[in-house]
Amino acid sequence: MPCVFCGGSPVTKEHVFPQWLNQYLPPGPQRTEQARYGAGAFDVTRQSVGLDFTVRKVCAPCNSGWMSELEGSSKEALEPRIIRQDLDLISLRQQRKIALWATKTAMMADQVQLEPLLPSHQLRRMRTHQAIPGGTRVWLGSCPERNPTVTSQTVRIDLSGVSRERRDTART
Ligand SMILES: [Zn+2]
């Protein structure tokens, strides 16, 4: 299977969530819940240590190149918010970094699905132009619930066949 971002091969195992986040989770095993969609869909609950989602769909040059750079630069914007959890003004530049990181991470989480929802051209434009697909919304929040630590769910909202007017209403 070729790399979903550039079409290269071979692909290597990549963590959906960066491992540096694990230091902020409770120690020891946690419960991970994951809902997979597509033909043969299933829900799975399992024990994990940290954010243990991996996917084998990215090549080494992407993984250690642009993705690694994006991880490094967004960590600077994310980590202070994780540590302090205070209300804070975030500069436009940092908002863009966080949104880019969240979108890339959501794209990776989508690849865990049996039938990923996002079209491949959007993943390729993420690599070549750091482009966030139109209509994407990214929210940041804090969650005091820690069990399960990790929940991955994908929701498909099919707007095809819906009139333009109703579609815009559905998005607001
Ligand atoms: Zn690649």
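Just one of the listed residues (Val44, Val138, Val55) is away from the ligand (no atom under 16 Å from the Cβ) and either in contact with a His (Cβ under 8 Å, 6 or more places away or on another chain) or assigned to a strand (DSSP E or B) (or both), namely Val44. Residues that are within 14 Å of the chain's Cα centre (by Cα), under 18 Å from Pro2 (Cα atoms) and without any contact (Cβ under 8 Å) to a residue 24 or more places away in the chain occur in the range 118-130; there is at least one.
Rundown of residues vs (1) polar (S, T, N, Q); (2) surrounded by 18 or more Cβ atoms within 10 Å (Cβ to Cβ); (3) out of contact with any helix residue (DSSP H, G or I) (no Cβ under 7 Å at 6 or more places or on another chain); (4) in a helix (DSSP H, G or I), yes/no style:
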| site | (1), (2), (3), (4) |
| --- | --- |
| Gly40 | no, no, yes, no |
| Leu51 | no, yes, no, no |
| Cys62 | no, yes, no, yes |
| Pro80 | no, no, yes, yes |
| Lys97 | no, yes, no, yes |
| Trp101 | no, yes, no, yes |
| Gln113 | yes, yes, yes, no |
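With respect to being of a type in the set (Ser, Thr, Tyr) and either within 16 Å of the ligand (Cβ to nearest atom) or closer than 30 Å to Gly40 by Cα (or both), Ser91 falls outside the description.
The set of residues in the range 111-127 being away from the ligand (no atom under 15 Å from the Cβ) and closer than 17 Å to Pro18 by Cβ consists of Val112 alone. Applying the selection to the range 1-32, what residues are outside any loop (DSSP other than H, G, I, E, B) and within 16 Å of the ligand (Cβ to nearest atom)? Passing the criteria: Val11, Thr12, Lys13, Glu14, His15.
Read-outs throughout are calculated quantities, based only on the coordinates presented, and are distinct from any laboratory measurement. What you are looking at is a predicted structure, and each value in this text was computed from that prediction instead of being measured. Cβ: placed from backbone, ideal geometry, glycine included. Neighbour counts: every protein chain shown.
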